[in-house]
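Below: one structure, written as structure tokens.
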Amino acid sequence: MKNIKISSPLNGTLIPLNQIDDPVFGSGAMGRGVAIKDPEGKVYAPFDGEITVFFPTKHAIGLKSNDGIELLIHVGMDTVKLNGEGFTAKADVGDKVKRGQLLLEFSPDVIKKAGYITTTPVVVTNHTEFGDITFELNKQSITAKAGGDDAGAGAGGAVEKDADDAQYDNLPDEERVAKLIMKYVGGPDNVRTAEHCATRLRLIVNDKSKIQEKKVENIDGVKGQFFAAQQYQIICGTGFVDKVTEEFIKLKPSLAGGGGKEAAYEQMSLVQKISRTLGDVFVPIIPVLVATGLFMGLRGALMSLGSEWGPTFLLMSQVLTDTAFAFLPALVCWSTMNKFGGTAVIGIVLGLMLVFPALPNAYVVGGAANDLANAGLTWVEAAGMEEWAGKVPIPIDLGFIQIPLVGYQGSVLPALVLGIFAAKLQHWLKTFIPDMIDLIVTPFLTLTISMALGFLVVGPIMHGLEQVVFGAVQSFLGIPIVGGLIIGGLQQVIVIFGVHHVFSALEIYLLSTQGNDPFNAIITCATIAQGGAAMAVAIKTVDGKKRALYISSAVPAFLGITEPAIFGINLRFMKPFIYGCCGGAVGGAISSALGLAGTGMGITVIPGMLLYMNGQILQYIIVNIIALAVGFGLTYTLYKTEE
């Protein structure tokens, strides 16, 4: 497709089409083009051709050039309501016109007095037949990029590149991208904090209106941008984002102090705060659970192939795979104390208290519940009988209530809440305990009070709540087809709102109570389906540069990272995202029907294969292929690039 240049039919100031406040023209629905701000009141023919449309209200003209360009000139917004007042036609429909010929005169004052704006969109309605479309007016020019309506040039496709951007062209990629981002987010004074995750530069800004989102998105090396969890997040890709962030902070050294999370928390909703807090607590634990899960899957695969292990070697493997879950409350308490500013070692000891070996083991107590019921005994009655020793809780008699004393092996919520309380208690104690005795008294009081509260109040209440809430979700996951269908279809929607971290606690609970994670098998379908949808958009994209960018955004989804595909491609055009959710729903339903469950958590799609080496690898590959095929097939078949 050839690139074309068109002279502006009006005098004024050229602006990108996406800057006008009109959902039809601004979205690019009518075609790629520009807008003329503060026009002088005369419309001229921009080329030799013919007037194909001249509205009776005279506010809009359609032209067709001799070489096939179809152009629509729409004077002002909502000016059809003026019924021709202030407009004077100088030509008529069907007339042959020459470049520079006066076609229409109008009064900007009449339009403004009536309460309408004069900014005039000029769009090529058959834009799909051309490459880049450049509009020129005196020394101004704006190019509506080829594929802009379906390949990321933004609404309307017109993105004006500043003339002084050329000064960055010869810089290393990371430095060039960092400086352009800083420029287009409003400069150093507008940036409060900067940090990064695996793929995105995350900024907290003072004034969102100063961000030129389309120009940020058009930077070569940026794969997408969006607001989420009160942060402006710019997708740069794995590895590259580290380098960009480093260069970005050099432009404002005070950003090196961090503080991004605290600033983001201030602006979050309650649900987002809870989710982010859970993420901050559980994410540091996940690598350990991933490692043990991988080895558990490997052990299962070797034993299913007939490998015989001696008792000692088998015991050593169990030490490797079971330790993290046996002392899970200690890990949770440690991470929680870190998160809330307490002393980490106090968190470790407090968590170990919850699983002290002399306490009745939670797994043993749970396993004896049916036997207790069959014997017609309550746990309080059985506690005094020797044959039930270690199988029922130890009663703590407070006079008005009997509180069960039991270990909390595999529990998550008791350790989480107790860790928060202990951190807050430690901070409070430090406000009045003299520094001279702080080292001894503060840890003693923190551990003593927290332990008493943990076993008498927090433990019983939170353990009961945990069993109700997580047990209900666990039961829902166990519903054949339905559970997987709903979760697989909605999981990536939850990711968009930034509250998906809440599921980390659920997955840890599933692994600690039943030894596997069916949730992982479902969300891997949701992940790969979004990758398939993004890949379909990339294949259908005509522009080579955009296609390469889209492919690079889609590939991380096959490694379990969907943000580049979602925010860089699928959500931008919406339909691919919906089709990806459909793929996740279908794959999740089949996964649920097959009873798929991973031996660990934290990794999905291709890396996640290691969690299914215990005899389920073939089923895992099948559900992934199905989810991928549905997401890709629906998008490739039903998504039209013109949309």
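The values are calculated or read from the model by the stated rules, or taken from the named source; none is laboratory data. Everything numeric in this text was worked out from a predicted model, so none of it was measured. Cβ sites come from the backbone with ideal geometry, for glycine too, and all protein chains shown count toward neighbours. These area figures cover heavy atoms from the full protein model, side chains too; ligands, DNA and RNA do not enter into them. Shrake-Rupley method; radii C 1.70, N 1.55, O 1.52, S 1.80 Å.
Which one is modelled with the lowest pLDDT, of the residues in the stretch 279-298 that are part of a helix (DSSP H, G or I) and within 16 Å of the chain's Cα centre (by Cα)? Explain how you work it out, then say what you get.
So in the stretch 279-298, the residues part of a helix (DSSP H, G or I) come out as 279-282, 286-298.
If we keep only those that are within 16 Å of the chain's Cα centre (by Cα) as well, we get 279-280.
Numbers: Gly279: 73, Asp280: 79.
It comes out as Gly279.
What pairs come up if the first residue lies in the stretch 566-593 and is without any contact (Cβ under 8 Å) to a residue 60 or more places away in the chain and buried (at least 21 other Cβ atoms within 10 Å of the Cβ), the second is assigned to a helix (DSSP H, G or I) and aromatic (Phe, Trp, Tyr), and their beta carbons are under 6 Å apart, counting only those six or more places apart or on different chains? Filtered contacts from the stretch 566-593: Asn570/Phe577.
For the stretch 100-119, does any single residue satisfy the condition of being in a loop (DSSP other than H, G, I, E, B), of a type outside the set (Val, Ile, Thr), open to solvent by 70 Å² or more (accessible area, probe 1.4 Å) and modelled with pLDDT of 85 or more? Write out each step before concluding.
As a first pass, look at the stretch 100-119 and keep what is in a loop (DSSP other than H, G, I, E, B): 100-101, 107, 114-119.
Imposing the further condition that a residue be of a type outside the set (Val, Ile, Thr) reduces the set to 100-101, 107, 114-116.
With open to solvent by 70 Å² or more (accessible area, probe 1.4 Å) added as a condition, the list becomes none.
No.
Assessment of the stretch 442-464 against the conditions (among the polar types (S, T, N, Q) and closer than 30 Å to Gly631 by Cβ) yields no matching residue. In summary, strands (runs of 3 or more DSSP E) completely within the stretch 2-41 and bearing 2 or more residues that are in contact with a helix residue (DSSP H, G or I) (Cβ under 6 Å, 6 or more places away or on another chain) and touching a residue at least 60 places away in the same chain (Cβ under 8 Å) occur at 32-37.
Residues that are at pLDDT 90 or above and of a type in the set (Asp, Glu) within the stretch 179-205 comprise just one, Asp189. Of the residues Gly62, Gly68, the single one that is of a type in the set (Gly, Ala, Ser) and part of a loop (DSSP other than H, G, I, E, B) is Gly68. Is the stretch 378-399 home to any residue that is among the small types (Gly, Ala, Ser), free of Cβ contacts under 8 Å to residues at least 24 places away in the same chain and part of a helix (DSSP H, G or I)? The answer is yes, given that some residue of the stretch 378-399 is among the small types (Gly, Ala, Ser), free of Cβ contacts under 8 Å to residues at least 24 places away in the same chain and part of a helix (DSSP H, G or I).
Contact map, the stretch 89-108: residues that are within 19 Å of Asp38 (Cα to Cα) and among the polar types (S, T, N, Q) paired with residues that are part of a strand (DSSP E or B) and open to solvent by 40 Å² or more (accessible area, probe 1.4 Å), Cβ distance under 9 Å, separation 6+ or inter-chain. Pairs shown: Ser107/Thr88. Within the stretch 594-616, the residues that satisfy the criterion of being open to solvent by 50 Å² or more (accessible area, probe 1.4 Å) and aliphatic (A, V, I, L, M) are Leu594, Ile606, Met609, Leu610, Met613. For the stretch 139-149, does any single residue satisfy the condition of being modelled with pLDDT under 90, among the acidic types (Asp, Glu) and open to solvent by less than 60 Å² (accessible area, probe 1.4 Å)? Within the stretch 139-149, one or more residues are modelled with pLDDT under 90, among the acidic types (Asp, Glu) and open to solvent by less than 60 Å² (accessible area, probe 1.4 Å).
Comparison of Lys250, Lys223, Lys208, Lys215 shows that the only residue that is at pLDDT 85 or above and in contact with a helix residue (DSSP H, G or I) (Cβ under 6 Å, 6 or more places away or on another chain) is Lys215.
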